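**Student:** Dropping a structure here in structure tokens format, bear with me for questions.
The values are calculated or read from the model by the stated rules, or taken from the named source; none is laboratory data. Because the structure is a prediction, the values reported are computed rather than measured. A quick note on method: Cβ atoms are made from the backbone with ideal geometry, for glycine too, and the neighbour counts reach across all protein chains shown. Surface areas here come from the heavy atoms of the whole protein model, side chains and all, with no ligands, DNA or RNA. Shrake-Rupley method; radii C 1.70, N 1.55, O 1.52, S 1.80 Å.
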Amino acid sequence: MIDPKRIAKFKLKPGKKVRLKDHDTAWRPDGKGAEEVTEETMAKNLELLNEAQGKLFAGDQWSILVVLQAMDAAGKDGLVKHVMSGLNPQGCHVHAFKAPSAEELDHSFLWRCMRVAPARGTITIFNRSHYEEVLVVKVHPELLSKQKLPPKLIHKTIWKERYDDINNFELHLARNGTRIIKIFLHVSKDEQKRRFLERLDKPAKNWKFSLGDLAERKFWDDYMAAYEEMLTATSTKHAPWYVIPADHKFVARAAVAEILTNTILDLAVDYPTVSKETKLAFADAREKLLSE
Ligand code: ATP
Ligand code: MG
């Protein structure tokens, strides 16, 4: 387990200006064997998570949305795989957001997100999300002109408007029973380079490399600026952002598993209880089955 006080430090305070340089990408617990201990406790955490998810599903009222954002090679896919290993696939969905399709561009940018927002009792992970609209689109403003927006509506305040829309969208979900956890996997530029080289050097990892990723790396500073502004504008009480150090994969995975488990446990959902009448009916059903 990662110290809860440390986890609390990863959580951004609403309204506070974010400087990513103040957040260490390479943080890891101290001491010999810390990795093994963290991994062992993560395995226990995943068992807790599984139990909590069972109750969430049976309760059929609350839902959980995990928003995952990161630069390329920060470990989004591995994280999803590890955290999901503790979940019942029946009540969990992962949705990867790619460049919008023609149909999606014919609607407002939140349309495709609302359609795949979690159903009651379930957990949905957004692998990339509505936040791409204020990240990749902001770094490459030419994308905005392809969004079929009436030109009159594209003005300087568009990013501020988008932050407002996103905050309101998330507030709407929160007010209807969705707990939202937003995770930024914070990886350093050096670590990204190391991982890209590994993808190029190891045949089994070649498929993960795309030349486009190298082109995006040139915009690293622009992305960091867009992330800082976005994190500052959209860290809210109802949908907090966590900046998770991601240079060490075991740290990121254990931290996210812990945050997710605690969020569900915090809802204090238990299996629904049955009424006296139903209990009597159950006793009757039992008798009938036994006397068959
Ligand atoms: P991986 O490369 O690890 O498989 P990925 O999330 O990078 O995962 P890709 O298919 O490589 O998946 O990339 C998806 C691309 O879609 C990203 O470059 C992302 O910026 C882009 N994208 C997502 N949403 C939007 C959007 N709303 N507008 C424009 N581009 C978007
Ligand atoms: Mg990619």
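**Student:** For Ala99 and Glu35 in the same chain, what is the full-extension length gain: residue separation times 0.36 nm, less their Cα-Cα distance, in nm?
**Tutor:** Taking Ala99 through Glu35 to full extension adds about 19.4 nm, to one decimal.
**Student:** Does region 253-292 classify as rounded, prolate or oblate by the C-alpha gyration tensor (a ≥ b ≥ c root eigenvalues; a/c under 1.5 gives rounded; else a/b over b/c gives prolate, otherwise oblate)?
**Tutor:** Since a/c reaches 1.5 but b/c is at least a/b, the shape of region 253-292 is classed as oblate.
**Student:** With Cβ to Cβ distances under 13 Å as the rule, what net charge do the other residues near Lys218 carry (K, R +1; D, E -1)?
**Tutor:** Combined, the nearby Lys, Arg, Asp and Glu give -2.
**Student:** Just the number please: accessible area per residue for region 4-290, 1.4 Å probe, all protein chains included, in Å².
**Tutor:** 55
**Student:** Report, to the nearest whole %, how much of the accessible area of region 4-290 belongs to carbon and sulfur atoms, 1.4 Å probe, protein only.
**Tutor:** Percent of accessible area from carbon and sulfur atoms in region 4-290: 55.
**Student:** Then there's this: On the full set of protein chains, 1.4 Å probe, figure out the accessible area of Glu103 and give it in Å² to the nearest 10.
**Tutor:** Accessible area of Glu103: about 110 Å².
**Student:** Compute the Cα gyration tensor for region 1-148, then decide on rounded, prolate or oblate, letting a ≥ b ≥ c be the square roots of its eigenvalues: rounded whenever a/c is under 1.5, prolate when a/b is larger than b/c in the other cases, and oblate in all that remain.
**Tutor:** Oblate.
**Student:** Given the convex hull over the Cα atoms of the chain, what projected area results after averaging over all orientations, in nm²?
**Tutor:** Averaging across all directions leaves 20.6 nm² for the Cα convex hull.
**Student:** Also, quick follow-up: Points 7 angstrom from Cα along the Cβ direction at Leu280 and Glu142: gap in nanometres?
**Tutor:** 7.4
**Student:** Relative to the longest principal axis of the chain, what angle (0 to 90°, nearest 10) does the C-alpha long axis of helix 189-201 take?
**Tutor:** Rounded to the nearest ten degrees, it is 80.
**Student:** A further question on this structure: May I ask you to list the aspartates and glutamates whose Cα is less than 16 Å away from that of Lys279, ignoring any residue fewer than eight positions away on the same chain?
**Tutor:** By straight Cα distance, Lys279 reaches Glu287.
**Student:** Further question: How big is the accessible area of Arg19 in square angstrom, nearest 10, if you roll a 1.4 angstrom probe over the protein chains?
**Tutor:** 130
**Student:** For Cα pairs less than 8 Å apart in space and 6+ apart in sequence, what is the mean separation divided by the residue count of region 4-290, i.e. the relative contact order in percent?
**Tutor:** In percent, rounded to a whole number, it is 36.
**Student:** Also, quick follow-up: Which value, in Å² and to the nearest 10, is the accessible area of Asp77 when all protein chains are kept and the probe is 1.4 Å?
**Tutor:** 100
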